[in-house]
Amino acid sequence: MEFWITLAALIVILVLVWLIEYRYRRPDQIVLRERKGVVEENKKRWYPRHTSLALPGNVYAVQSQVDTEARGKLGVRVVMDLAVAPSRNHLHALVRAGGWSSDVVVHATRELERRTHALIREFAEQKDIDVLEPEILKKQLTKQVSEMALLLGLELDNLHIQSIEPLDKRITEAMQRREADRILEETEKASQQARVSAEKARIEADTEIADREHSLRLKKLELLGKEQAREAALAEARVREEQKRRLMQIETESREMELLKSHPEMILLSPQLAQLAESSQQLRNARTVVNLQGQDGSAVGFIQELLQDVLKRLQKSETKES
């Protein structure tokens with residue numbers, strides 16, 4: 001009986017010791033332990049709280065300002081945002097910089113902040129106050145601050161320079177006026193450049209339109225020349241055909257004249273003679289422009305005499321033949 005009571009009491013004591021000594025590691029915690037003089041991370045879910053150090057693994061952010069002097073002993077104020085987180089690969093350096101306490105990240109960040117302020121002062125003293133800009137200062141500090149953070153067991157998450165302002169308000173007002181003048185000047189230059197670009201575009205458009213119109217006129221002249229050449233060729237062909245027709249007509253008439261000279265009796269078959277006779281019947285008292293009157297002064301008499309002359313020739317030709 002006493003054995004079981006002792007065993008139960010021992011179990012209760014062990015449970016109490018477990019509950020008092022061991023803690024559950026949250027996902028956002030980093031648990032440190034020392035083994036053989038080296039600080040390392042304890043990745044187990046349960047850890048002894050007296051021999052371990054639990055610290056938050058999230059990002060720790062601070063905002064600070066530093067008053068320094070630019071070239072010429074002109075005071076400036078720099079406002080800076082700094083965000084860091086514990087580096088799991090440099091835990092020993094973190095403990096050495098911040099100590100073995102739950103605020104190790106805070107202490108290491110303060111040391112990093114102090115060193116960063118020294119870098120800012122060193123950089124500002126070498127520059128004129130009008131060239132100190134947040135972007136330039138951030139570009140200058142980022143690499144150096146990252147290297148210093150690793151030496152302190154931290155990882156640089158963000159470094160942001162909010163503002164760099166002169167301590168003398170008169171300098172601030174002068175810089176603001178100069179910046180306003182610069183913006184107005186750039187705006188005017190942009191406006192004039194836009195006008196120049198618009199005028200240049202208009203000239204280029206007019207030139208292109210003139211070139212196209214010139215090309216169109218040349219093409220029209222070319223087409224007109226081709227059309228005139230075709231018309232000239234057609235006119236020449238028509239003239240040649242007319243000449244050929246007239247030559248053929250003259251040749252035919254020449255042959256007819258020769259035939260009439262050889263055979264005058266064929267004049268009786270001429271349609272012109274029939275038309276002349278018909279006209280003479282209709283206009284017995286008319287006088288033609290060409291003198292075709294007979295001895296009696298009429299066209300009918302001329303035709304009668306012509307027919308009689310033809311008949312006489314025919315009789316003579318028959319008599320010769322007989």
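General observations
- Site pair Met257 and Asp67 shows an inter-label distance of 13.6 nm when each label is modelled 7 Å from Cα along Cα→Cβ.
- Per-residue SASA remark: Leu259, around 80 Å² accessible (1.4 Å probe; ligands, DNA and RNA not included).
- Label-to-label distance, His160 versus Arg240, with points set 7 angstrom from Cα along the beta-carbon direction: 9.5 nm.
- Largest to smallest accessible area among Leu218, Leu247 [probe 1.4 Å]: Leu247, Leu218
- Percentage, to the nearest whole number, of Cα pairs in the stretch 88-240 over 26 Å apart: 65
- Which of Arg110, Arg88 is most accessible, then next, and so on - probe 1.4 Å: Arg110, Arg88
- Taken along the Cα-to-beta-carbon direction at a fixed 7 Å, the label points for Ala180 and Met248 span 10.2 nm.
- Selected from Val104, Pro134, Ser146, residue furthest toward positive end of dipole (the stretch 99-162; charges at beta carbon): Val104
- Sequence of Val62, Val76 when ordered by accessible area, the most exposed leading, probe 1.4 angstrom: Val62, Val76
- Relative contact order for the stretch 1-67, counting Cα pairs under 8 Å that sit 6 or more residues apart, in percent: 29
- Mean separation of Cα pairs under 8 Å and 6 or more residues apart, divided by the residue count, gives the stretch 50-143 a relative contact order of 29 percent.
- Gyration tensor (alpha-carbon) shape descriptor, the stretch 193-244, a/c threshold 1.5: prolate
- Accessible area (Å², 1.4 Å probe, nearest 10) - His107: 70
- Partners for Lys312 among aspartates and glutamates (Cα-Cα distance below 13 Å; same-chain residues under 8 apart left out): Glu265
- Aspartates and glutamates with Cα under 19 Å of Lys226, excluding same-chain neighbours fewer than 8 positions away: Glu236
- To the nearest 10, the accessible area of Ser215 is 70 Å² with a 1.4 Å probe.
- Gain on full extension, evaluated as 0.36 nm per residue between Glu125 and Ala190 minus their Cα-Cα distance, stands at 19.9 nm.
- Rounded if a/c under 1.5, otherwise prolate or oblate - the stretch 123-202, Cα gyration tensor axes: oblate
The values are calculated or read from the model by the stated rules, or taken from the named source; none is laboratory data. Because the structure is predicted, anything quoted here is derived from the model rather than measured. Glycine gets a Cβ as well: all are built from the backbone with ideal geometry, and neighbour counts include every protein chain shown. Ligands, DNA and RNA are stripped out before the accessible areas are found, and what is left, the full protein with its side chains, is counted by its heavy atoms. Shrake-Rupley method; radii C 1.70, N 1.55, O 1.52, S 1.80 Å.
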